[in-house]
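Asks: Here's a structure for you.
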Amino acid sequence: MITVSMKEMLQAGVHFGHQTRYWNPKMDKFIFGSRNKIHILNLDHTVPAFNEVLKIVHKIGSNNNKVLFVGTKRAAQKAIAENAARAGMPFVSHRWLGGMLTNYKTIRASIKRFRELEEQSKDGTFDKLTKKEALMRTRLMTKLNNSIGGIKDMGGLPDILFVVDVDYERIAIQEANKLGIPVIGIVDTNSDPEGVDYVIPGNDDATRAVKLFCTAVADAILDGKSEANKVVAKDEFVEVSEKTEIKTEVRAKEKPKIKTEVKEKTEVKENAEVKENAEKKKKVETKKKVEVKAKSKTKVKEKTVAKTAVKIPKVAVEAKTSKVTAKAKETDKKKESVDSEDKIKK
């Protein structure tokens, strides 16, 4: 767990406030005293409050939620942008656009336009345009990058706001309050703590102090993310081991079934082979029968042909014999007629 000690805060100058004439009475309970007309903040309030905030941020990071870093003043711009980008969180470091949270639909349209311009600058469409058009588009792209470049990958409303100098970012706090988004704020002696859910009394003007706060918040987010990844990896390992155990049990149970299935398959194969052999034998027998029938038919045909061939000469013989008999009868008749004539003459 990331924590910040009182020594680190003293070295960074977190305890220095504003001049005594610029103080806000609502911050009276957080002021330790004054020296050389400058208020000194009581770090006994700051250290536990900030460490409590780090626990909350750590939990947010472990749940993969979003923390929006907001710091548009010159002392906070660099620290906000660097640490938010390191933690993979959205940020606003140039200017807070009115309605960035309450009117997120229009902001989403601007983000879409910004992404289109980025793609055009990369794929070479700017080179095809005229110099004036390309210059106008590059100017628009840089303007959108300054205003919404840090939130282009936010994808929706954040879960919590981390604000440096609550007076300077009053519009952002009001929008978060309207939407019910909790606010973590670095509050100096001249600031109003109203609307801030987690007040961290501290110096919001010194770059070292702002850098300390921002780096600690980013480290807490990264620590939470790493712990979440470790838990996921452990769960996956447990699931894999359980799956392997289940697989071994299933294999042990399924082994006899596999053997029976193999036996059944072999029996089925044998039966199939027997059937195939029987079918082959039947086919061969049918072929032989067909051949025998065909042979018998051919023999019958040959016999009929032979018979017809034999019958033809018989008919011819009969015709000849009939002719011979007819001639013999005629000769007999002639003889009889001759004999009868002889008898008559006598």
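Asks: For the stretch 6-238, what is the largest minus smallest coordinate of the Cα atoms on each principal axis, given in angstrom and ordered from greatest to least?
Replies: Projected onto its principal axes, the Cα set of the stretch 6-238 covers 65, 57, 33 Å.
Asks: Can you give the charge dipole size of the stretch 6-238 about its Cα centre, rounded to the nearest 20 debye, using +1 on the beta carbon of Lys and Arg and -1 on the beta carbon of Asp and Glu?
Replies: In total the dipole reaches around 860 debye.
Asks: When you count, for each residue, the other Cβ atoms within 10 Å and take the mean per peptide, how do 80-93, 172-185, 121-134 rank with the highest first?
Replies: Sorting 80-93, 172-185, 121-134 by mean packing, highest first, produces 80-93, 172-185, 121-134.
Asks: For the stretch 124-141, in order, what is each residue's ³J(HN,Hα) by Karplus, 6.51 cos²θ - 1.76 cosθ + 1.60 with θ = phi - 60°, in whole Hz (x at glycine and Pro)?
Replies: Calculated HN-Hα couplings, in order: x, 6, 4, 5, 7, 7, 6, 4, 5, 5, 5, 5, 4, 6, 5, 5, 5, 5 Hz.
Asks: Now, a different point. Check which residues have an amide H placed less than 5 Å from F69's amide H, if you skip close sequence neighbours.
Replies: HN-HN under 5 Å from F69: F91, V92, F162.
Asks: Using amide H atoms built in the peptide plane, which far-off residues or other-chain residues are under 5 Å from V187 H to H?
Replies: Under 5 Å from the amide H of V187 lie the amide H atoms of I200, G202, each far enough along the sequence or on another chain.
Asks: Still on this structure, please answer the following. For the stretch 144-200, place one equal point scatterer on every Cα, skip the solvent, and apply the Debye formula. What is log10 of I(q)/I(0) at q = 0.17, 0.24 Å⁻¹?
Replies: -0.57, -0.96
Asks: Something else about it: Can you run phi through the Karplus equation (6.51, -1.76, 1.60; θ = phi - 60°) for the stretch 182-197 and list ³J(HN,Hα) in whole Hz, with x for Gly and Pro?
Replies: Whole-Hz 3J(HN,Hα) from phi for the stretch 182-197: x, 10, 9, x, 7, 10, 8, 5, 9, 9, 9, x, 5, x, 9, 7.
Asks: Quick one: order D159, D28, D197 by neighbouring beta-carbon count within 10 Å, fewest to most.
Replies: D28, D159, D197
Asks: Give me, ordered by chain and number, the residues 5 or more places off I181 or on other chains with an amide H under 5 Å from its own placed amide H.
Replies: When sequence neighbours closer than 5 places are left aside, there are no close amide H contacts.
Asks: Report ³J(HN,Hα) in whole Hz for each residue of the stretch 11-16, in order, from the Karplus equation J = 6.51 cos²θ - 1.76 cosθ + 1.60 where θ = phi - 60°; Gly and Pro get x.
Replies: 5, 7, x, 5, 7, 7
Every number in this text was worked out from the coordinates using simple rules, so none of it is lab data. Given the structure is predicted, the values throughout are model-derived calculations rather than measurements. As a convention, Cβ positions derive from the backbone with ideal geometry for all residues, glycine included, and neighbour counts pool all protein chains shown.
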